[in-house]
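This report concerns only the one structure given below.
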Amino acid sequence: MALLLRSLQKSRISPFLSSRTLISLVQCKSLLPRNITTSTAKSPFRSNILRIIRNEIEYQSDYAPPHQPETEFKSFSVEDCPGEQCIVMKGKFGDEETIKMEATMFDGFMTVPRTGLDASGHDVRLHISLLVDISKLDGSEEMEFLCSVWPNRIEIQKLYKLRRNKITGQPYMGPSFGSLKYDFQTAIREFLRVRGIDAELCFFLHEYMMNKDRIELIQWLRKLNSFISK
């Protein structure tokens, strides 16, 4: 856990509470005498908690302060979902297709060996899940892609072909994308690339989610502060 916290801090992404805050909370609690009553301990302990939270809000606001989220990326509109772990992007391709994408905040990671002069140890690469829906304007047919978004690439996990106006008990959802022939995979990747689902989108989503992570953290701390203050 300590390794993950250090790695996340190096990548300029703060977890919900920094290790500095967690240590302070533990130290604060340890200073209370064991035989002190709840009624006498509540006020000073709550004051210490509030002080720690407010210090954390100030720290997070000063360290890489968040900026106003983008509302557009290329031809896509970007809709933030405040207080939630996702965003929605919408756009069109030509006169016949609509594109809707739902992206999560960081929901996983992988470690990779460092390269270059400082080749010792590992770096953390954060993962975003992306659901891409491409449908005809009349809504009758739709293709759905479940993707993994890494900082420099998009990996397609599953590809679904859906018919919205036809109800079936258990539709066949197709094989794993990685099991398809290489030429077929290449063609599908190109299909997405010309519609704007490419490496530039990867970079945008990771930058956006880093900023959203800071916004949500500060808002969460303020709500916590408000609750404890009452």
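Structure note, pairs K90/K136; K100/K158; K92/K212: Cα-Cα distances above 18 angstrom occur for K92/K212. Electrostatic tally near L146: other residues with Cβ closer than 11 Å to its Cβ, Lys and Arg +1, Asp and Glu -1, net -3. The candidates S75, S61, arranged from most to least accessible area with a 1.4 Å probe in the full protein assembly, appear as S75, S61. For the pair S226 and T71 in one chain, pulling the backbone fully straight at 0.36 nm per residue adds 52.9 nm over the alpha carbon distance. A probe of 1.4 angstrom, applied to the heavy atoms of all protein chains, finds K90 with accessible area near 90 square angstrom. Neighbours of M173, meaning other residues whose beta-carbon lies under 11 angstrom from its beta-carbon, give a summed charge of +1 when Lys and Arg score +1 and Asp and Glu score -1.
With the simple spin-label model, which puts each label point 7 Å out from Cα in the Cβ direction, the F184 to T115 separation comes to 3.1 nm.
Note on E155: accessible area approximately 60 square angstrom, rounded to 10, probe 1.4 Å, nucleic acids and ligands left out. Ligands, DNA and RNA left out, the accessible area of region 73-147 computed with a 1.4 Å probe is 52% carbon and sulfur.
Segment S176..K92, full-extension length gain: 27.6 nm, with 0.36 nm per residue of separation and the alpha-carbon distance subtracted.
D183 exposes around 120 Å² of accessible area when a 1.4 Å probe is run over every protein chain in place. Of the options S229, N211, L201, report the single residue whose Cα projects farthest towards the positive end of the charge dipole of region 146-230 (beta-carbon charges: Lys, Arg +1; Asp, Glu -1). Of the listed residues, the answer is S229.
Accessible area per residue for region 56-151, computed on protein heavy atoms with a 1.4 Å probe, is 56 Å².
May I ask you to list the residues of region 188-230 whose amide nitrogen lies under 19 Å from a point 7 Å from Cα along the Cα→beta-carbon direction of F45? Answer for this model: 224-230.
The values are calculated or read from the model by the stated rules, or taken from the named source; none is laboratory data. All of these numbers come straight from a predicted model, not from anything done at the bench. Every residue, glycine among them, receives a Cβ derived from its backbone with ideal geometry; neighbour counts consider all protein chains shown. With ligands, DNA and RNA removed, areas are computed over all heavy atoms of the protein, side chains included. Shrake-Rupley method; radii C 1.70, N 1.55, O 1.52, S 1.80 Å.
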